[in-house]
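In what follows, a structure is listed as structure tokens, so that the remarks can point back to it.
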Amino acid sequence: MTGTTWQRLKSDPLGVGGLCVVVLFALVALCVWSGLLGQGWSEVSGERWENASSDHWFGTNLLGQDILQRTLFGTATAFEVGLIVTACSTILGTLMGALAGWYSHSWLDELVLWLKGVLDSIPFYLFAAAVAFALQGNPWAMHLAMIVTFWTTTARIIRGEVMRIKEREFIEAARAIGLPGLVTVFRHVLPNTFHILLVQGSIVFVAAINTEVILSFLGLGIQDGVSWGLMLAESSQEVLAGHFGNFAAAGGSLFLLLMGFNLLADALQDALDTRRAIR
């Protein structure tokens, strides 16, 4: 991110607010991974459905587990899923899109487009259920299902951008001096798509967290641990009994994090838009 881009981002108060929210949640996730927070998420430390107190800030659930500890650990789960899915799907989508765009209208391009069309036509949650069943409860089934389907949007965007960039004069110059095609793609074309990948990555991160919550709520997601989706599934019974701790903690955390990422993504898109900066 250049200095000019950072200056434009800082001038957007909503973008700065979103960045602060994301950084706060990221710090919580780092503290959980380092063992400083959330390690007592599975311990029964009180009576069931205790109200908020100095011992249990958000109260306890049906089993007497501390809701705050589970919420903190759920933050780490959300970031773990978001980072893995975003990194893998973005890399895969970038490679597939770059190859399809550079060799556009060839058999390779047609193959990528066909594969993308097939994956996009499959209802995602049915596909996720099929993957989970096929892998027999493998903890990476959910990640794999998201990676296999999320790369298609990134590939479509990068394909179009590569087709545009490869017609520019500096690419023609690289061809003229005999630079191999793939070397040109990775050395000169893809670096010019970084701003797009940054925004698209933030969008995929949000989608991955949201999808994990839904899949965990349905029993197809996190199997060993706790997530906001599992907490919301627990709250479906607790709300009927008049206890809203799980629902408020998990739902509020999910809302804040996704809102923060959405605000940050919008601000990044504006800050990285060179045409807007010129106007």
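Assorted remarks:
- Yes/no for SER216 being crowded, with 22+ Cβ neighbours inside 10 Å, closer than 29 Å to SER121 by Cβ and either of a type outside the set (S, T, N, Q) or modelled with pLDDT under 90 (or both): yes
- Criterion violated by PHE133 - all others in (1) of a type in the set (A, V, I, L, M, F, W, C); (2) in contact with a Phe, Trp or Tyr (Cβ under 8 Å, 6 or more places away or on another chain); (3) without any contact (Cβ under 8 Å) to a residue 12 or more places away in the chain satisfied: (2)
- PHE79 vs. criteria closer than 16 Å to ALA208 by Cβ, part of a helix (DSSP H, G or I) and touching a residue at least 12 places away in the same chain (Cβ under 8 Å): yes
- Residues of segment 1-60 satisfying the condition of being aromatic (Phe, Trp, Tyr) and modelled with pLDDT of 80 or more: PHE25, TRP33
- Complete set of residues in segment 37-75 that are within 24 Å of GLY260 (Cα to Cα), under 26 Å from the mean Cα position of the chain (by Cα) and outside any helix (DSSP H, G or I): LEU37, GLY38
- Wholly enclosed helices (runs of 4 or more DSSP H) of segment 171-279 bearing at least 3 residues over 24 Å from ALA141 (Cβ atoms) and among the small types (Gly, Ala, Ser): 245-271
Yes or no, residue by residue, for (1) among the acidic types (Asp, Glu); (2) out of contact with any strand residue (DSSP E or B) (no Cβ under 9 Å at 6 or more places or on another chain); (3) not in a helix (DSSP H, G or I):
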| site | (1), (2), (3) |
| --- | --- |
| LEU108 | no, yes, no |
| LEU111 | no, yes, no |
| TRP114 | no, yes, no |
| GLY117 | no, yes, no |
| ASP120 | yes, yes, no |
| TYR125 | no, yes, no |
| PRO139 | no, yes, yes |
| HIS143 | no, yes, no |
| ILE147 | no, yes, no |
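- Among the candidates VAL204, VAL239, VAL226, residue that is of a type in the set (Val, Ile, Thr) and more than 20 Å from GLN65 (Cα to Cα): VAL204
- On the stretch given as segment 116-150, residues that are among the hydrophobic types (A, V, I, L, M, F, W, C), in contact with a helix residue (DSSP H, G or I) (Cβ under 8 Å, 6 or more places away or on another chain) and more than 19 Å from GLY221 (Cα to Cα) total 1.
- Being of a type outside the set (Ser, Thr, Tyr), surrounded by 15 or more Cβ atoms within 10 Å (Cβ to Cβ) and either in contact with a strand residue (DSSP E or B) (Cβ under 6 Å, 6 or more places away or on another chain) or within 22 Å of LEU190 (Cβ to Cβ) (or both) is true of VAL162.
The values are calculated or read from the model by the stated rules, or taken from the named source; none is laboratory data. Every value quoted in this text rests on a predicted model; they were computed, and no experiment measured them. With ideal geometry, Cβ positions are generated from the backbone for all residues, glycine too; neighbour counts draw on all protein chains shown.
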